[in-house]
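Enquirer: To start, I am sharing the structure in question, which I have written as structure tokens.
The values are calculated or read from the model by the stated rules, or taken from the named source; none is laboratory data. Given the structure is predicted, the values throughout are model-derived calculations rather than measurements. Counting neighbours? That spans all protein chains shown, and the Cβs are built from the backbone with ideal geometry, glycine included.
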Amino acid sequence: MRPKRINPGRREWTIGSGGGILFPMNLSAQIREAGVVGAGGAGFPTYVKAQAQVEYVIANGAECEPLLQKDSQLLEQYAAEVVAGLELLREATGASQAAAGLKAKHVAAVAALRAAVAGRGIELHLLDDFYPAGDEYELVYEITGRLIPPAGLPLQVGCVVNNVETLYNVARAAAGQPVTHKFLSIAGAVVHPVTAAVPLGTSFREALSLAGGTAVEPVAVWVGGAMMGTLTFDLETPITKTTTGLIVLPVDHPLVQRKNRPESEMHRIGKSACDQCSYCTELCPRYLLGYEVQPHRVMRSLGLTASGGELWTKWGELCCACGLCTLYACPEDLFPKEACDRAKRVQREHHLRWTGTGGPVLPHPLRASRRVPLKQLVRRLGLADYDVPAPLTSVELQPRRVRLPLRQHIGVPARPLVSVGDRVRRGEKVADVPPDQLGVPVHASVEGVVRQVGEEVLLEV
């Protein structure tokens, strides 16, 4: 999957995957054509960011979800490609500053990145091992000292932030290579945890075979991480462009049991048991940055009718859903994060949008001392036994069939370009989005025959 070497300083040409010269296409168009989206989990089409004019471009390698290691492993092997992608975006956006943030504990990744940025005018910011260091608001503040406006975007403070895998894909896009694979960590209750580049559309079950399969049965899978990810029991689910990791846990693990409660039960328990201690607020990362997020106030809304609830639901509007309040801060094991999720839905239903009282955003004076160390969080979650290395494997998975969802990004779903019975090559577009709408193409991750077309394209080798 290593792209051809490119010269980011020369925008009049790029080298294609077959060695040919591609004329002429600006970076934004190349990124869109390659189907690049945010690979850290958000899935926002990257070509839009390449069209911005900013002061800073930032590489986000501050992976903070427990057990996930795909960013650090990617940097160990492909730091040069990540830096090439960052430099391409720096040129496209006219940024005068470029920076990369990752945790100091990843010694090998730091060494590789330090070598890759040498002499290129790219700042390397080494971060402490806290959660959620990878949050855009946290990272922008750590690197630039700027605070994104409430409910705002990094663009509003002159920054564009991209996950390191996204930048790797930007470099590949400039070389004419579309997104066909996804890097992800496979960890937890598996035989030997690994990080791997897996063809898009591969089932979770097949991906788990790279880790030797599950170590227990039955299992549940956290998709994207135990803090902010989603829980599934369906191992036939396909890997998409936003799948950052598969964390396998026994079905009787406390995390699985908590997440699998009905939401109505979570709210009923909170309504009856919350004593307004405010620990959920005092440890909230966004609150500590100075934003007006107060989960303990949101908990009051659980006991009120719609006529009074909006007085309290607004305090969840700026919640980033990191999960610390529910899974770490609350001494009664209640669900303030889920209450904030509900509050945001209520706000939308009533067409309300709140960005705070209008006062200045000023970091809490105790912010640094209230950060949650990742090791401590891992212990609290009951994941310490699974906190082991997950090295990048060179084994290439060759699935016999893949399911390619047409919505793997923020925006409108892609529209099929193929029909049942068509034979497609790896890297060929099977779906695309109209040029006047937000979205990117979907490419075949294997060579095969189209067997089904609907909300996804099914290919069989």
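Enquirer: Please find, among Ala98, Ala133, Ala116, the residue that is part of a strand (DSSP E or B), touching a helix residue (DSSP H, G or I) at 6+ places or on another chain (Cβ under 9 Å) and either in the same structural domain as Leu27 (by TED's automatic domain parsing) or among the charged types (D, E, K, R) (or both).
Expert: Ala98
Enquirer: A follow-up question, please. Name the residue, out of Gly270, Gly290, that is among the small types (Gly, Ala, Ser), more than 22 Å from Leu383 (Cβ to Cβ) and touching a helix residue (DSSP H, G or I) at 6+ places or on another chain (Cβ under 6 Å).
Expert: Gly270
Enquirer: Quick one: how many residues across the stretch 188-218 are hydrophobic (A, V, I, L, M, F, W, C) and more than 24 Å from Glu165 (Cβ to Cβ)?
Expert: Final tally of qualifying residues: 4.
Quick grid of which residues meet (1) surrounded by fewer than 12 Cβ atoms within 10 Å (Cβ to Cβ); (2) within 26 Å of Val140 (Cβ to Cβ):
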position: His351; (1), (2): yes, no
position: Lys375; (1), (2): no, yes
position: Glu396; (1), (2): no, no
position: Arg401; (1), (2): no, no
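Enquirer: Would you mention how many residues in the stretch 321-367 are more than 18 Å from Thr230 (Cα to Cα) and modelled with pLDDT of 95 or more?
Expert: 12
Enquirer: Among (1) without any contact (Cβ under 8 Å) to a residue 24 or more places away in the chain; (2) surrounded by fewer than 23 Cβ atoms within 10 Å (Cβ to Cβ), where does Gln294 come up short?
Expert: (2)
Enquirer: Something else: Based on what the data block shows, is Val82 outside the structural domain of Thr393 (by TED's automatic domain parsing), within 17 Å of Val179 (Cβ to Cβ), in a helix (DSSP H, G or I) and out of contact with any helix residue (DSSP H, G or I) (no Cβ under 6 Å at 6 or more places or on another chain)?
Expert: Criteria not met by Val82.
Enquirer: List the residue pairs whose Cβ atoms are under 7 Å apart, where the first residue sits in the stretch 227-249 and is closer than 20 Å to Asp341 by Cβ and assigned to a loop (DSSP other than H, G, I, E, B), the second is at pLDDT 95 or above and of a type in the set (S, T, N, Q), and the two are 6 or more positions apart or on different chains.
Expert: These pairs meet every condition: Thr242/Gln408.
Enquirer: Pull up the stretch 406-450, narrow it to residues that are farther than 18 Å from Arg32 by Cα and loosely packed, with under 13 Cβ neighbours inside 10 Å, then point me to the one that is farthest from the chain's Cα centre (by Cα).
Expert: Applying the filter and picking the extreme gives Gly421.
Enquirer: Considering (1) assigned to a helix (DSSP H, G or I); (2) in contact with a strand residue (DSSP E or B) (Cβ under 6 Å, 6 or more places away or on another chain); (3) farther than 15 Å from Tyr168 by Cα, say which one Leu74 fails and leave the rest.
Expert: It is condition (3) that Leu74 fails.
Enquirer: Any chance you could count how many residues in the stretch 148-180 are out of contact with any helix residue (DSSP H, G or I) (no Cβ under 6 Å at 6 or more places or on another chain) and either more than 20 Å from Asp71 (Cβ to Cβ) or part of a loop (DSSP other than H, G, I, E, B) (or both)?
Expert: 12
Enquirer: Answer with yes or no whether Leu208 is outside the structural domain of Arg426 (by TED's automatic domain parsing), modelled with pLDDT of 95 or more and either at negative phi or not in a helix (DSSP H, G or I) (or both).
Expert: yes
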